[in-house]
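The values are calculated or read from the model by the stated rules, or taken from the named source; none is laboratory data. This one's a predicted model, so the numbers in the text were calculated from it and none came from an experiment. Note: ideal-geometry Cβ built from the backbone for every residue, glycine included; neighbour counts use all protein chains shown. Just so you know, the surface numbers come from the protein's heavy atoms only, side chains and all, with ligands and any DNA or RNA stripped out. Shrake-Rupley method; radii C 1.70, N 1.55, O 1.52, S 1.80 Å.
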Amino acid sequence: MAEKSKANGQSGSAATSPPAPEQMIADLAQAKKSNPLMTAGLDFLKELTSIAVGSSTITPDAKDGRFKDKAWSENPIYRRWGQAYLAMTEAVEKMIPDDLSAESKARAQLAASIVTSTLAPTNILIGNPAALAKTWDTKGSNLSKGFKNFLKDLKDNGGMPAQVDDSGFEVGKNLAMTPGKIVLRAPMFELIQYAPSMAQIHEVPVLLIPPQIGRYYFTDLSPGRSYAEYVVAQGLNYFAISWRNPSPAERDWGFEEYFAAAHEALQAVAEISGHPKVNVVGFCAGGILSGILAAWLKARKIDLINTLTLCVTMLNFKSEAALGAFRLPTMLSVAKARSEAKGILAGEDLSKLFTWLRPNDLVWNYWVNNYLMGDSPPAFDILAWNKDSTNMPAKLHKDFLELFESNALIEPGRYAIAGEAIDLSTIDCDAFVVGAITDHLTPWKACYDAVHLLSGETTFALSNGGHIAALVNPPGNPKAWTKLGVAVPGDADIWEPTAEKRIGSWWESWTVWVGKRSGKMVAAPKSLGSAAHLPVGDAPGQYVRENPTG
């Protein structure tokens, strides 16, 4: 009995004694695997220890302009501060579980980027050695100028740091200068026909359908940087829609109304040009509208579209695009309720939304430039266009959110408009699809998904640049490049190795592609418009200048 008691006592003692070190390590490893918060926290503490003793190897990305000052590598205090910030950023990113859905992960990543970018040391004077050096050199005049900039932005820019000095830009004077006429003025849009610059032009015309959000003239910026100017110079008979900037009175303009307007413009182009078919080009949200219009025409057996070009356009919204962060049902309901109450989603509000998708580049970069450095923002035509924002009607906002939420376009017949069920697979004309390599709104691989929804031969072009910069991509830029190739079965990663890389803009490849499909060369018209569509004014027209309030 005594032996048994002794044995039991030893057994009890073993049960309450600390586990062996190797068991502790194994348990900790298992806990780290199942708990991303613990993993991130322990790794962060370990890295902070390395930073404190000077053995950390963390260095900022060479492309991260926030840490380009030599102090971040040469000064021991700033080096450790920068390393601690980068370690914190990495820890926050690691806290996001890998098993989240793509949409939940996008929301978490967006929240993390906003938090970590806000906490960057470079956003405050003492944490920005370049700003401190300038303060010393200028005896503080940079801070005085910065405070004036801050007050101006508070008054004129909704409290956001200005991204551009647009004082030197004006539509019709140094923007939207390509000659043309307004050949149709409808309640929702003006149709521009551009004047040919060659004695002969291709017989099949081209119609641009730009996004329903924003001014059309990002396609006609400063001379030498204008898509319209370049297209006309290649002998194409080019037309473009200029959407009207809606006020609360136009709150009921929805997707069906924009669809009808685009259809009206397409018919007008065919009548004016005298050709039964039109090459349709859709940019961004205008590409969604173009795809729906093409499928609708197929359902009605109307053979009006010759080729279809979709630029930075997503037709499948189940992607890892940054916009997936806004798919939360509660957020969608609140957004719809706000625009319904006001009648519009104000352009300024929409601009802020997109700005916070890239907080480092579009918020804190300008915060440092304008307020700490005391410099004026740059004068740049794309940024001037971006500031010239437009409103979105409440109905269109609601329709977009519902389409975005349902993702109905990828299922034949699930989405209907104007009495027809839409099936994108019926679009059998040749197509040209463009994606942008650094696009944060419509990632290029999501744009590539469109090739699987269409039935005709599709060429895919991958361009350098982001969502807008890739579109404003004139030839002559030595840094411009395009990967080009016929779409292949499978995903974008299978297509990319097969594509040909060309130095230059996708504009060049596209104009050759569409030119080969645009019939014979014919004499350019001596006057614009037609008897049924007499010109009512010069390009760029009236609507591009309207700024209704509400």
> Any idea how many residues of segment 285-307 are within 19 Å of Thr459 (Cβ to Cβ), open to solvent by 10 Å² or more (accessible area, probe 1.4 Å) and not aliphatic (A, V, I, L, M)?
Replying inline: 1
>> Can you confirm whether Ser226 is farther than 22 Å from Leu534 by Cα and open to solvent by less than 40 Å² (accessible area, probe 1.4 Å)?
In response: yes
> Got at least one residue in segment 113-125 being more than 25 Å from the chain's Cα centre (by Cα), within 25 Å of Leu353 (Cα to Cα) and among the hydrophobic types (A, V, I, L, M, F, W, C)?
Replying inline: yes
> So, in segment 512-530, of the ones that are small (Gly, Ala, Ser) and either without any contact (Cβ under 8 Å) to a residue 40 or more places away in the chain or in a loop (DSSP other than H, G, I, E, B) (or both), which residue ends up least open to solvent (accessible area, probe 1.4 Å)?
Replying inline: Ser518
> Is segment 495-517 home to any residue that is closer than 17 Å to Val231 by Cα and touching a His at 6+ places or on another chain (Cβ under 7 Å)?
Replying inline: yes
> (1) in a helix (DSSP H, G or I); (2) touching a Ser or Thr at 6+ places or on another chain (Cβ under 9 Å); (3) β-branched (Val, Ile, Thr); (4) open to solvent by less than 50 Å² (accessible area, probe 1.4 Å): which one isn't true of Thr49, the others all being true?
Replying inline: (4)
>> Looking only at segment 185-239, filter to residues that are more than 26 Å from Gly476 (Cα to Cα) and among the acidic types (Asp, Glu); which one of those is nearest to the chain's Cα centre (by Cα)?
In response: Glu190
>> Go through (1) touching a residue at least 12 places away in the same chain (Cβ under 8 Å); (2) open to solvent by 80 Å² or more (accessible area, probe 1.4 Å) for Val544 and report which single condition fails.
In response: (2)
>> Out of the residues in segment 240-268 meeting the condition of being among the aliphatic types (A, V, I, L, M) and open to solvent by 10 Å² or more (accessible area, probe 1.4 Å), tell me which one is nearest to the chain's Cα centre (by Cα).
In response: Ala260
> Which residues, counting only those in segment 366-420, are polar (S, T, N, Q), in contact (Cβ under 8 Å) with a residue 24 or more places away in the chain and surrounded by fewer than 20 Cβ atoms within 10 Å (Cβ to Cβ)?
Replying inline: Ser376, Asn407
>> If I ask for residues that are open to solvent by 40 Å² or more (accessible area, probe 1.4 Å), under 23 Å from Asp361 (Cβ atoms) and either polar (S, T, N, Q) or in contact with a strand residue (DSSP E or B) (Cβ under 7 Å, 6 or more places away or on another chain) (or both), which ones from segment 71-112 would you list?
In response: Ser73, Gln109
>> If Leu191 meets every condition in (1) of a type in the set (A, V, I, L, M); (2) open to solvent by 50 Å² or more (accessible area, probe 1.4 Å); (3) outside any loop (DSSP other than H, G, I, E, B) apart from one, which number is that one?
In response: (2)
>> Looking only at segment 478-511, filter to residues that are touching a helix residue (DSSP H, G or I) at 6+ places or on another chain (Cβ under 6 Å) and not aliphatic (A, V, I, L, M); which one of those is surrounded by the fewest Cβ atoms within 10 Å (Cβ to Cβ)?
In response: Gly485
